[in-house]
Amino acid sequence: MFSWNNFSLQVRNSSLYLLRVAFFLVVLHGVLHAALIVTPDAASRQLGWFEIESDYANRVREQLGLSGNGTTQYINHLANLLRGDWGRSLHGNYEIGPFMATRILHSAPLLSLALLWIAFFPIPLAMSYARATSSRTLGVVRTIAAVGLIPQFLAAILGYAFYEHFFRPNVPAEFASLMRLVFASGALAVTPAMIVFVSAADTFEDVTRRPWVTVAHAMGHSWSRIRAMMVINVLYELRPLVTRVALHMFLGTAFAEMIFGIPGIGAAFISALATGDTPLLFAIVFMFGAIVLVLSGLEEREELST
Amino acid sequence: MSLAGKILCIGIIGVVLAFILLPVPIPAPDRLALPPSSTYWLGTTVTGYDTLHLVMYATIASTVDAMVATSLTLILAGLIGFMSGSLPNGWVDRSRAFVGRILDSIGAFILCASLFSIFGKTPFWVYYIVLAIVSWPGLASIIRAGTVRARGLPYIEAVVASGFAPQRILFVHVLPELLFALRPYIFALFSGFVGIQGALGFLGLGNKDQSNLGYLLFDLQSSMTSPGFIAAAVSLMLLLVTGHAASRIGFRRQDAFEPYLF
């Protein structure tokens, strides 16, 4: 039933949440601006331009928004960002906003597929771990989980080697790109899936011992229904992992795209690292940090923790 | 000292001694790109290095790098966490939570990689300091939680009631207990640093003079099927697994035998 009190409480909580997120985003922008744009004096330090023509150096400084004092630079940068102007790339001189939009579209299938891996692989594995009684089953599951210890760049290299040597010669050409996507997403998902598995296994062990499981069984509910309820409980308890998984997803995307040659946002990040393209680097890191901040804010919302 | 502590000390001394005693790999023009043989078990590189020697040296360098970064992070996180926990909800505590949240949202690797990309080649001490500055929040919040909890323990209340000075209580009674309980987290941090340094090196970022496993992988990435690349990758994995295993064993042991501080 509708209640004005509840409604006003919801509006208040949502406004507070949005305000907090906005505040954190402004601080994040300030930190990244200080670290990536102002501190290194952008291009001159990176490229070792010591004896360069002053006109050219001034033009580059203007282009990077480094022509005024620190406060002016910061406010200009923030104002441009709020207007949707992400600036121009230092090396390619293209507009960063449209460039990132194109790259995100390229990364979308890879990330979607990786999310499917993360959603459907670790939870059943964790369930079997929690239910396992024989040491052999436990050993097998632990060994599978240990695969997740592989650093993401090594996982991507390993995935690529498997794909190149065993699958690429044997699959028809029209499926080659799909298989490449499957392997890249698998390599990307290894570490996040391991993180989910380890926490889910502990949570399953805890949930199976909760009194309501015994009560539900005594009331005559089927085991499949009880298990479904347990999965919902476990997923609910795993909310704090969202930010860690998001962090590893981004890292994994960068390495998988770099090694599998997918022209997505992760590959753009790696190429910006290699060339020292500070505006592009800033844009990608800020966008990613903003996503993680919004997600971590959602985790703490009171309405979700009832 | 417990048996695990003795093994750990021997391990640390062994790594430091190996780092000092193992000769620096030197290239020789008469052994360019040789296949594996009884003299050179993993062959030689195109620049004339003995691959096995190179991998061993890089493994020890990686271990030392990760140990230095872990120690610096522990000191920084210890100071911040300790101050936060001593005065919960004070300005230090709130600032820690705030800064920690911002740093956590970007992630240690992404921030390190971005900074090293802009700074170019950095002196080795800057490399360690940057790693420590971006990695302290997680450990600091654990130390803060431990300090807050320790303040309420009966023996701490007893020493407070006995009239000991706050510094003595902090450093003689609280800190050793905290360090004891922190061991599993320290191993996890070590393992994390091995991974981060491997990935940074693989991208050629940071200080290339450090010759750790990441930079070895970077140098050999043109031939990913070469014995050197595989051996370096396996060594990196073994280091990571050792750190993780020590961390897991520490947690299990803590759950089973030791007072539950966290």
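Please treat every number below as a calculation from the coordinates, not as lab data. Since the structure is predicted, the reported quantities are computational estimates derived from the model, not experimental observations. Cβ sites come from the backbone with ideal geometry, for glycine too, and all protein chains shown count toward neighbours.
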| request: Please give the average number of partner chain Cβ atoms lying within 10 Å of the Cβ of each residue in A:151-157, rounded to a whole number. | output: 6
| query | Summing +1 for each Lys or Arg and -1 for each Asp or Glu, what net charge is found among the other residues whose Cβ lies under 11 Å from the Cβ of B:LEU178? | reply | +2
| What helices does chain A hold that run 27 Å or longer along their axis, going by alpha-carbon atoms, with a Kyte-Doolittle average of 1.0 or more, using DSSP H for the helix calls? | A:96-120, A:173-208, A:278-299
| Mean separation of Cα pairs under 8 Å and 6+ residues apart, divided by the residue count of chain B: what relative contact order is that in percent? | 22
| field | Karplus-derived 3J(HN,Hα), 6.51/-1.76/1.60, for each residue of the range B:183-193, Hz, glycine and proline x | value | 3, x, 5, 5, 5, 5, 5, 4, 4, x, 5
| said: Which of A:GLU95, A:GLU174, B:GLU157, B:GLU177 has the fewest other C-beta atoms within 10 Å, and how do the rest follow up to the most? | reply: A:GLU174, B:GLU157, A:GLU95, B:GLU177
| message | Rounding to the nearest 10 and keeping the result within 0 to 90°, find how far the Cα-based axis of helix B:91-106 lies from the longest principal axis of chain B. | response | 30
| remark: The summed charge of the B:TYR49 Cβ neighbourhood (under 12 Å; Lys/Arg +1, Asp/Glu -1) stands at -1
| query | HN-Hα J couplings of the range B:56-61 from phi, Karplus 6.51/-1.76/1.60, θ = phi - 60°, integer Hz, Gly and Pro as x? | reply | 4, 5, 5, 5, 5, 4
| request: Please give the calculated 222 nm ellipticity per residue for chain B, where each DSSP H segment of at least 4 residues contributes -39500 (n - 2.57) and the sum is spread over every residue; nearest 500 deg cm²/dmol? | output: -24500 deg cm²/dmol
| said: Only sites in a loop by DSSP and with at most 10 other Cβ atoms within 10 Å count here; which trypsin sites (Lys or Arg not before Pro) in the range A:152-253 make the cut? | reply: A:ARG209
| task | Between the alpha-carbon centers of the range B:9-59 and the range A:137-169, tell me the distance in whole angstrom. | result | 27
| Taking neighbour Cβ counts within 10 Å as the exposure measure, how do A:LEU241, A:LEU293 sort from fewest upward? | A:LEU241, A:LEU293
| remark: FRET efficiency for B:ALA18 and B:ALA158 from the Cβ-Cβ distance with R0 = 51 Å, rounded to 0.05, comes out at 0.70
| task | At 0.36 nm per residue, minus the direct Cα-Cα distance, what do A:LEU78 and A:MET179 gain on full extension? Give it in nm, one decimal, please. | result | 32.2 nm
| request: Would you mind pulling out the separation of the Cα centroids of the range A:249-265 and the range B:130-163, in Å? | output: 40
